[in-house]
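Shown next, in structure tokens, is the structure this report addresses.
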Amino acid sequence: MADIEEKYMLRAIELAVKGEGFTNPNPMVGAVIVKDGKIIAEGYHRRYGELHAERDALASLAGSEDTGSCSRPAEGATIYVTLEPCCHHGKQPPCTDAIIGSGISRVVIGSRDPNPLVAGKGVKILRDAGIEVVEDFLRDECDAVNEVFFKYITTGKPYVVLKYAMTMDGKTATKTGASKWITGEESRAEVQHLRHKYMAIMAGIGTVLADDPMLNVRIDGFKSPVRVICDSTLRIPMDSNIVRTADRYRTIVAHCTENSEKEKMLNDAMITTVCTPADNGHTDVAYLMSRLGELGIDSVLVEGGGTLNDSIIRAGLADAVEIFIAPKIFGGREAKTPVEGTGIEKVDEAGVFKLTDVKRYGDDIRLSYRKW
């Protein structure tokens, strides 16, 4: 029985990740309804503001020809759901009400919801209604789906991913500053996926001035992230791609200077400006992350240069690091490296991360790390 139930929950996880990049700042959730040993309905949270997984599954069941004239086709069934069902009114009504009204007699839950509006309350409501509830089923696997949501809902701050591409000898550009392209097409396509997955992308003004990037997503069906530019003295050109397209892509420029005239110009171009305290002449990234959380941004993919990366590392903000390594050697004592700044003095002062995955993209290697 346990093996069969694992199969159902693993299917719910597969469904949950279909919402990747679309549900932020909500969690990704999948649901599978089983009756008489057969899956009779599936659903997932498809997009922020739309049906939650449980209601999505029940809606598909209601429209199924297999149910015939049965008014409650899920009566007596078991629902496998990757996250504790919600019990409060938000963009959608409580899923606990839908489960109780459907006649489902058993609920198997993967992750516990740390949202104070839910946290154990959904389970209690279901049990008080006479429904059998099983908690923590494949919890580790279900928790892994929503590391972004768990960080954001418990701290109010975004989940931060540091991403960079480098050569075998740790260079992010040649001695002349040339960096296109270090990695191959497959790696660059995966970066588009990461931009879709996380809610915002952050870069420094150096990147904007050197490359004039768009920082959007160029794959049909994927969404582009909110663009966050760290620009301490508001040097961003008004004719840059970032400014010219701010009416199409939500854009935030963070600074630590007094320049009301430039701020107004940026605001008129539909750019949100955020003034932070100064950190050695740069924007205070710790303060900025807190402000981004207040603005509803649950995750940030940092695609900055060595200076911005150094600020993120020094502030202890990186929850994860994604490194793409190309089979090339640039050399050069002065060639740029992923993390610059002054560096540390002792080995035991280093930030330490846990290697969680290794993948190959063509001839490139991707290393995935998470904070210990």
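Taking the C-alpha atoms of the range 234-300, how large are the radius of gyration and the largest Cα-Cα span, Dmax, in Å?
12.0, 33
What does the C-alpha gyration tensor say about the overall shape of the range 1-156? Classify as rounded when a/c is under 1.5, otherwise prolate if a/b is larger than b/c, or oblate. If you can, show how the numbers build up before the last one.
Working: a/c = 1.44, a/b = 1.42, b/c = 1.02.
Verdict is rounded for the range 1-156.
Suppose R0 equals 25 Å. What FRET efficiency, 1/(1 + (r/R0)^6) with r the Cβ-Cβ distance, do Thr272 and Met214 give to the nearest 0.05?
On the way: r = 18 Å, r/R0 = 0.71.
Once rounded, the FRET efficiency stands at 0.90.
Could you sort the peptides 292-298, 282-288 by per-residue average Cβ neighbour count (10 Å cutoff), highest mean leading? Write down the numbers at each step before the final one.
Details: 292-298: 18.6, 282-288: 22.1.
Result, highest mean Cβ count within 10 Å first: 282-288, 292-298.
Along the positive direction of the dipole of the range 186-297 (beta-carbon charges: Lys, Arg +1; Asp, Glu -1; about the Cα centre), which of Ile201, Ala278, Cys256 reaches farthest?
Farthest towards the positive pole: Ile201.
Picking from Ile125, Ile40, Ser224, whose Cα lies most toward the positive end of the charge dipole for the chain (charges on Cβ: Lys, Arg +1; Asp, Glu -1)?
Going by the Cα projections, it comes out as Ser224.
Which percent of Cα pairs goes in each bin when the distances of the chain are cut into 10 angstrom slices starting at zero?
Histogramming the chain at 10 Å steps yields 5, 22, 28, 22, 15, 8, 2, 0 percent.
Given only helices, namely DSSP H runs of n ≥ 4 each adding -39500 (n - 2.57), what is the per-residue ellipticity at 222 nm of the chain, to the nearest 500 deg cm²/dmol? Walk me through the numbers before you get to the answer.
Details: 12 runs with 109 residues, N = 372.
It comes out at -8500 deg cm²/dmol, rounded to the nearest 500.
For the range 225-372, give the percent of accessible area contributed by carbon and sulfur heavy atoms, probe 1.4 Å, rounded to a whole number.
Numbers: 3780 of 7580 Å².
After summing per-atom areas, the C and S share lands at 50 percent.
Need one word for the range 101-143: rounded, prolate or oblate. Basis is the Cα gyration tensor (sqrt eigenvalues a ≥ b ≥ c); a/c below 1.5 gives rounded, then a/b vs b/c decides.
Working: a/c = 2.57, a/b = 1.36, b/c = 1.89.
Oblate, because a/c is 1.5 or more while a/b does not exceed b/c.
Please report, in debye to the nearest 20, how large the charge dipole of the range 202-353 is about its Cα centre when each Lys and Arg carries +1 at its beta carbon and each Asp and Glu carries -1 there. Present the calculation step by step, with values, prior to reporting the outcome.
On the way: 15 positive and 23 negative charges, 82 e Å.
That gives a dipole near 400 debye.
Using θ = phi - 60° and the Karplus form 6.51 cos²θ - 1.76 cosθ + 1.60, what ³J(HN,Hα) does each residue of the range 158-172 get, whole Hz, x for Gly and Pro?
Values per residue, Gly and Pro as x: x, 6, 10, 10, 8, 10, 8, 10, 8, 7, 4, 9, x, 9, 9 Hz.
What does the charge dipole of the chain about its Cα centre add up to, to the nearest 20 debye, if the Cβ of each Lys and Arg holds +1 and the Cβ of each Asp and Glu holds -1?
Numbers: 46 positive and 54 negative charges, 97 e Å.
It comes to approximately 460 debye.
Using 7 Å Cα-to-Cβ label points, what is the Lys38/Lys7 separation (nm, one decimal)?
1.5
Might you work out the accessible area of Arg244 for me, using a 1.4 Å probe with all protein chains in place, and round it to the nearest 10 Å²?
Accessible surface of Arg244 is approximately 140 Å².
The values are calculated or read from the model by the stated rules, or taken from the named source; none is laboratory data. Keep in mind that this is a model prediction, so the values were computed, not measured. Because the Cβ atoms are built from the backbone with ideal geometry, glycine has one as well, and the counts that use them run over all protein chains shown. The area values use the complete protein model at the heavy-atom level, side chains included, leaving out ligands, DNA and RNA. Shrake-Rupley method; radii C 1.70, N 1.55, O 1.52, S 1.80 Å.
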